[in-house]
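> Attaching a single structure in structure tokens format; questions to follow.
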Amino acid sequence: MTGTRTILTVFGTRPEAIKLFPLLHALEADQRFASRVCVSGQHRGMLDQVLEIAGIVPHHDLDVMQPDQTLDALTARLLTGLGAVMDTEKPDVVVVQGDTATAMCGALAAYYRKIPVAHVEAGLRSGNIHHPWPEEVNRKVIGSFAEYHFAPTETAAEALRRENIDPAMVHVTGNTVIDALHWITGKIEREPGLASGLAGLEQRFAGKRIIGMTSHRRENFGDGMRGIADAVKRIAARPDVAVIFPVHLNPNVRAVMNAELAGLDNVALIEPLDYPHFARLIAISTLMLTDSGGVQEEAPALGKPVLVMRETTERPEGVEAGTAKLVGTDADTIVAETARLLDVAEAYGAGAQSVRRWQVIGTDCRTAREINPR
Ligand code: UD1
Ligand code: UDP
């Protein structure tokens, strides 16, 4: 361990790992810092997939995940576990990312110890505490006491300033998911075998337009998920379309999707993909159907329109640029908007072209077309 300032980076889920690994690589390479990593293990398999591909070996792993965990029990385990790690590490700064339970508890445990908090992906706001739930409140909690607010866009920075955060503490950085995409794309170019595992499905669905799909949001459990499943069933009834859906490991998602969609000819329900294969899925898809946060950013960066199965989004830039559209979870709306993208050339063209306007969200602003996972 070298360096003078100890930075403890805390994360626990797949998207946090993806959006933090570029920063961890940078910290590791910078002699001014001693980089320490604590994973909560809020996710297990899906987190480990990212750690492995990015070559991150955590110094601490709390392994907190339990099947179908509740928010309160998870929060209790996280807060006490992360606090103990901070007492051992005594970092100068704690870094958290985004809006998960791990991020919120990591920030809170640091605050309780008067350790400055740096928040990556700060300032995202939907303005609705129930959508996304509980993430909107998690972000606001972190933002209320963080000392370094790393906002991905000017819109996010403005949201923080509106909450009376000192502008000197707000830094517009661009979005680290774009760094992650560049990194993984370069790696796939050097090692094509890393993303070759979809070949069987590509063959099975040859001649069809592929729709890549993900869904996992807690606020969509119940009616929302059933609406989404119904829409997919109807979309996949088209002979010219196939849906590839890596199903999130949350049992609430799997129960509905397996019950509704298993066995359909034009639907492949598959296990969560590792990051290179997911990048490949976006690349071979005509469009993405998702309620994910990260996929709303990645799909446009790869020139793919995205239909966002949510009522609202804390990432309005994609919608404003015309590359993302909010479609909620009503089956009729999802089916109609998907058909519009598939059948109306102008609608599709507008979505795909707006990628140029979206580039501002990347940290290094390279053209999206340079990213093209094989
Ligand atoms: C969490 C985040 C959400 C983020 C999502 C990314 C919170 C409150 N929610 O939601 O913001 O968008 O991660 O995917 O922090 N599971 C496994 N293996 C895994 C991962 C999950 O089996 O690798 C199952 C477990 O049964 C677990 C359940 O999924 O209890 C829920 O995981 P949890 O992290 O609580 O919620 P997510 O819905 O994944
Ligand atoms: N992702 C992945 N494999 C998959 C599905 C998604 O690697 O099978 C990646 C995706 O590239 C994105 C991130 O996981 O970077 C998004 O995670 P998720 O949708 O679970 O969470 P959210 O972004 O909504 O918080």
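> Pop a pseudo-label 7 angstrom from the Cα along the beta-carbon direction at both residue 73 and residue 164 and give the gap in nm to one decimal.
3.9
> Taking the Cβ of residue 197 as the center, what net charge do the other residues with Cβ under 9 Å away carry, scoring Lys and Arg +1 and Asp and Glu -1? Could the numbers behind the result be given before it?
Details: positive: 280; negative: 274.
Once positives and negatives cancel, what remains is 0.
> Also, I was wondering about something else. With a cut-off of 8 Å between alpha carbons and a minimum separation of six or more residues, what is the relative contact order of the chain in percent? Walk me through the numbers on the way to the answer.
On the way: 740 pairs, mean separation 53.1, N = 374.
It comes to 14 percent, rounded to a whole number.
> Report the gain in length on full extension from residue 270 to residue 140: 0.36 nm times residue separation, minus Cα-Cα distance, nm rounded to one decimal. Don't jump to the answer; show the numbers that get you there.
Details: separation 130, 0.36 × 130 = 46.80 nm, distance 3.44 nm.
Stretched fully, the residue 270-residue 140 segment lengthens by 43.4 nm.
> Sticking with this structure for a sec: Taking the alpha-carbon distance from residue 114 and a cut-off under 20 Å, which lysines remain once sequence neighbours fewer than 8 residues away in the same chain are dropped?
90, 140
> Among 174, 7, 349, flag the residue with its Cα farthest along the positive direction of the charge dipole of the chain, charges on Cβ as +1 for Lys/Arg and -1 for Asp/Glu.
349
> Which residues in segment 236-261 have a backbone N closer than 20 Å to a point placed 7 Å from the Cα of residue 221 along the Cα-to-Cβ line?
Zone members listed by number: 247-261.
> Just how far, in whole angstrom, is segment 225-262 from segment 1-65 if you go by their alpha carbon centroids?
32
> Given N residues in segment 71-213, what is its alpha carbon radius of gyration divided by 2.2 N^0.38 Å? If you can, show how the numbers build up before the last one.
Working: Rg = 19.2 Å, N = 143, 2.2 N^0.38 = 14.5 Å.
My calculation over the Cα atoms of segment 71-213 gives 1.32.
> Here's another thing I want to ask about it. May I ask you to derive the FRET efficiency for residue 202 and residue 48 from their Cβ-Cβ distance with R0 = 22 Å, giving the value to the nearest 0.05?
Working: r = 26 Å, r/R0 = 1.18.
Given R0 = 22 Å and the Cβ-Cβ separation, E is 0.25.
> With the Cα gyration tensor of segment 149-227 giving a ≥ b ≥ c as the square roots of its eigenvalues, does the rule (a/c under 1.5 for rounded; else a/b larger than b/c for prolate; else oblate) give rounded, prolate or oblate? Mind dumping the intermediate values first?
Working: a/c = 3.94, a/b = 1.56, b/c = 2.52.
Oblate.
> Counting only protein heavy atoms and a 1.4 Å probe, tell me what percentage of segment 2-115's accessible area is made up of carbon and sulfur.
The C+S portion of the solvent-accessible surface of segment 2-115 is 55 percent.
> Based on Cα coordinates alone, diagonalise the gyration tensor for the chain, multiply each eigenvalue by 5, take square roots, and list the semi-axes in whole Å, largest first.
Details: eigenvalues 221, 90, 87 Å².
Working through the eigenvalues yields semi-axes of 33, 21, 21 Å.
> Can you give the relative contact order of segment 52-198 as a percent, counting alpha carbon pairs under 8 Å and 6+ residues apart? Present the calculation step by step, with values, prior to reporting the outcome.
On the way: 188 pairs, mean separation 23.7, N = 147.
Answer for segment 52-198 is 16 percent.
> What does the net charge come to around residue 46 if you take all other residues with beta carbon closer than 12 Å to its beta carbon, with K and R at +1 and D and E at -1?
Working: positive: 14, 44; negative: 16, 48, 52, 271, 274.
Local net charge: -3.
> Moving on to the next point. Can you tally the net charge around residue 113? Count Lys and Arg as +1, Asp and Glu as -1, for every other residue whose Cβ sits under 15 Å from the Cβ of residue 113. Mind dumping the intermediate values first?
Values: positive: 36, 90, 114; negative: 87, 89, 92, 147.
Counting the neighbours of residue 113, the net charge comes to -1.
> Next up: Determine how large the accessible area of residue 148 is when every protein chain is in place; take a 1.4 Å probe and give Å² rounded to the nearest 10.
80
> Can you give me the accessible area per residue for segment 1-124, using a 1.4 Å probe, in Å²? Could the numbers behind the result be given before it?
Values: 4930 Å² over 124 residues.
Per-residue accessible area for segment 1-124 comes out at 40 Å².
> Quick check: pseudo-label points 7 Å beyond the Cα along Cα→Cβ at residue 5 and residue 31, how many nm apart are they?
Going by the 7 Å Cα→Cβ label model, 1.7 nm.
> Along the charge dipole of segment 91-231, pointing to its positive end and built from +1/-1 on Cβ of Lys, Arg, Asp and Glu, which listed residue (225, 152, 91) has its Cα farthest out?
Highest projection toward the positive end goes to 225.
> Looking at the P(r) of segment 1-121, how many percent of alpha-carbon pairs lie beyond 16 Å? List each step's numbers first, then the result.
On the way: 3994 of 7260 pairs.
Cα-Cα pairs in segment 1-121 separated by more than 16 Å: 55 percent.
> With every protein chain kept in place and ligands, DNA and RNA left out, what is the accessible area per residue of segment 266-327? Probe 1.4 Å, answer in Å².
Numbers: 1340 Å² over 62 residues.
Each residue of segment 266-327 exposes 22 Å² on average to a 1.4 Å probe.
> Also, quick follow-up: Add -39500 (n - 2.57) for each DSSP H run of 4 or more in the chain, then divide by its residues: what number comes out at 222 nm, to the nearest 500 deg cm²/dmol? Kindly include the intermediate steps, with their values, before the conclusion.
Numbers: 16 runs with 171 residues, N = 374.
It comes out at -13500 deg cm²/dmol, rounded to the nearest 500.
> Over segment 199-299, what per residue volume does the convex hull of the Cα atoms give, in whole Å³?
Details: hull volume 9.1 nm³, N = 101.
Per-residue hull volume (Cα only) is 90 Å³.
> Could you give each residue of segment 149-159 its phi-based ³J(HN,Hα) in whole Hz, using Karplus coefficients 6.51, -1.76, 1.60 with θ = phi - 60°, and x for Gly or Pro?
Working through the residues one at a time gives 10, 9, 8, x, 9, 5, 4, 5, 4, 5, 4 Hz.
The values are calculated or read from the model by the stated rules, or taken from the named source; none is laboratory data. A quick note: this is a predicted structure, and the numbers were derived from the prediction, not measured. Cβ atoms come from the backbone with ideal geometry, glycine included; neighbour counts cover every protein chain shown. Side chains are part of the model used for accessible areas, which takes the heavy atoms of the whole protein and leaves out ligands, DNA and RNA. Shrake-Rupley method; radii C 1.70, N 1.55, O 1.52, S 1.80 Å.
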